[in-house]
1. Using every pair of alpha-carbon atoms in the protein assembly as shown, split the distances into 10 Å bins beginning at 0 and state the percent of pairs per bin, rounded to integers.
2. Return the average number of partner chain Cβ atoms within 10 angstrom of each residue Cβ along peptide B:173-181.
3. Subtracting the Cα-Cα distance from 0.36 nm times the residue separation, let me have the gained length for B:K154 to B:I383 in nm, one decimal.
4. In whole angstrom, note down how far apart the Cα centers of segment A:33-76 and segment B:139-201 are.
5. With axes computed from alpha carbons, what is the tilt in degrees of helix A:67-98 against the longest principal axis of chain A, rounded to the nearest 10 within 0 to 90?
6. Students often forget the sequence filter, so: which lysines lie under 16 Å Cα-Cα from B:K106 once same-chain residues fewer than 8 apart are removed?
7. Antiparallel as a % of all DSSP beta bridges within the protein assembly as shown, to the nearest 5?
8. Can you order the peptides B:358-371, B:53-66 by their average number of other Cβ atoms within 10 Å per residue, highest first?
Amino acid sequence: MELVVAILIGVLFTAAVYLILSRSLLKIIIGTGLLSHGAHLLLLTMGGLGGLAPPVISEGVTDFADPLPQALILTAIVISFGVTAFMLVMAYRAYAVHKTDDMNQLKGNDEHD
Amino acid sequence: MINLPLLPIILPFLFAILMLFFKENVRIQRALSLVGVIISLIASFYLLVTVKSEGVLAVTLGSWPAPFGISMVSDMFSALLVTTTLLITLFVVVYSFTAIGEEREKFFYYPAILFMVTGVNGAFTTGDIFNMFVFFEVLLIASYLLIVLGGEKKQLRESIKYILVNVVSSALFVITVAYLYSVVGTLNMADISVKIAEVGQPGIITVIAVLMLIVFGVKGAIFPLYFWLPGSYAAPPVPVLALFGALLTKVGVYAIMRTYTLFFTHNVGVTHEILMVVSVLTVIVGCVGALAYFDLKQIIIYNIVIAVGVILFGAAQMNEAGISGAIFYLVHDMLIKGALFLLIGIIIYVTGTSNLRKMGGLMKTHAPLGWFYLIAAFGLAGIPPLSGFIGKLLIAQGAFEAGNVWGSIIILASSLIVLLSVIRIFIYAFWGEPMELPKTKRKPYARMMLPTIVLVVLSVLYGVGTEWLIPYVTDATDVLLQPSIYIDAVLK
């Protein structure tokens with residue numbers, strides 16, 4: 001099971017890197033979304049996917065899931081959701097002001113010498 | 001007062017929330033931000049004194065037993081940095097009253113500063129590696145707001161890059177924490193240290209150490225990950241730049257120093273060698289950048305990169321002189337970078353440009369500005385008895401003791417380049433034929449000078465009063481060099 005998820009994470013990272021390296025601003029933001037999905041899945045997998053029972057300690061339960069990665073992933077998801085929302089708004093503003101979403105035209109080193 | 005380590009985090013947060021209710025009323029916002037920062041500063045001084053008398057303070061939230069709950073730990077190192085952070089924030093806030101403009105003040109400028117300070121102090125204080133990630137995000141999100149606030153063309157363009165770089169490095173942070181968790185099975189920093197010591201740092205932990213260096217190196221702007229810094233930092237107005245330059249990169253430096261003294265101490269031949277080589281390269285590229293530009297902001301921004309290299313070079317020595325030099329230099333650099341950015345902000349206000357070629361002869365019209373700039377410049381370069389001297393002396397001493405002669409020669413030589421780069425500003429801006437100045441009022445100039453002068457004087461006192469600071473820095477050094485002090489305090 002871990003192996004399958006590891007391959008899935010690898011695919012997500014590959015797609016994310018490809019998208020982040022593209023020129024269109026929107027694709028870059030989607031890329032960061034995929035990147036954080038990959039990171040979150042990795043976080044979940046690293047705790048081990050085993051464990052039959054939910055992480056509630058009760059009589060006779062010995063094989064329960066690790067609760068910590070679940071708590072961490074929740075925090076990380078919320079944060080990346082907020083940052084992505086902020087980025088989308090800012091990208092829209094940048095597009096409205098600069099009239100382009102091509103990163104090549106947003107280089108801008110013109111004013112220092 | 002068992003919650004004392006939390007006060008410098010919670011108080012700015014509380015005041016920031018209060019300020020959100022007074023969006024249009026600039027006067028109340030100013031008063032609240034001033035009061036909030038001063039109260040937090042008093043709390044942090046009290047914390048500093050308590051840590052000095054009672055040793056490392058640790059609070060585990062929710063009264064869970066130590067490795068399970070989130071620990072907040074104030075040792076001398078973090079208490080010193082928390083206090084310096086609030087001190088700088090105080091001066092930048094007072095400076096902003098005149099410099100930032102009412103439009104930005106009405107769009108949550110002061111709350112953003114205090115939210116950022118919450119994140120910075122939290123990152124300095126936390127004793128839990130995932131909680132450090134959360135506090136990094138708190139300070140980053142506030143810094144995203146600060147860097148883009150105002151919505152100028154250049155700001156929008158540069159903040160996209162700033163956010164993108166930080167989002168990627170945050171994802172890397174999560175990945176690194178995941179790897180670390182899968183190996184040691186704990187997130188509490190003291191507990192991680194114990195577990196790594198038990199298994200004796202196998203190869204995988206060294207890989208994680210290098211990953212951590214990359215994650216924090218992006219935030220702290222080390223070679224070759226500093227590429228985003230010069231462009232992004234030049235975009236926001238000067239008070240924001242002063243905050244970023246004085247505080248944000250230092251959080252990355254702090255995190256590297258903390259992890260490399262607490263976790264990864266069993267394979268120093270690899271990890272600290274990498275850190276040392278990278279820090280020397282950071283100094284060299286910083287020097288090239290500082291000499292390459294004719295733009296005031298860019299010159300000082302590249303000096304941030306140099307300072308990061310110098311501090312990490314000291315930290316990489318792992319002996320008493322090197323580490324205490326790094327701590328001295330870290331606090332010095334926060335103070336002096338704050339002062340220098342505020343000073344060049346005034347120069348830019350007076351001349352209306354940040355291009356050195358269009359300036360000249362300011363000494364005739366603005367003599368005090370020139371003299372205080374000169375003092376700050378000498379302090380940055382480390383001319384005794386000013387503030388940069390003791391740190392650099394100890395770092396060089398530590399490097400010679402550890403046998404890294406070439407590295408320390410490069411560090412010492414970089415002082416000359418630093419001096420040259422800042423004196424170039426002095427020569428171009430203050431000497432020569434006076435240029436036609438745009439009409440500016442004398443009153444804002446005086447109001448901006450006041451906090452700046454006090455900050456410069458403080459940095460001079462920091463240099464002259466080194467003798468009194470040595471006990472504090474010795475305590476901080478002891479905690480970093482003997483992780484057992486930190487571990488015992490947290491795990492009791």
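Computed from the coordinates by the stated procedures, all read-outs in this text should not be read as laboratory data. Quick caveat, the model's predicted, so the values are computed rather than measured. Cβ: placed from backbone, ideal geometry, glycine included. Neighbour counts: every protein chain shown.
1. Pairs per bin, as whole percents: 3, 17, 28, 28, 17, 5, 1, 0, 0.
2. Rounded to a whole number, the mean comes out at 6.
3. Net length gain for the segment: 78.8 nm.
4. If we compute the Cα centre of each part, the gap is 21 Å.
5. Roughly 10 degrees, rounded to the nearest 10.
6. Once the sequence-local lysines are set aside, what remains near B:K106 is B:K23.
7. 90 percent
8. B:358-371, B:53-66
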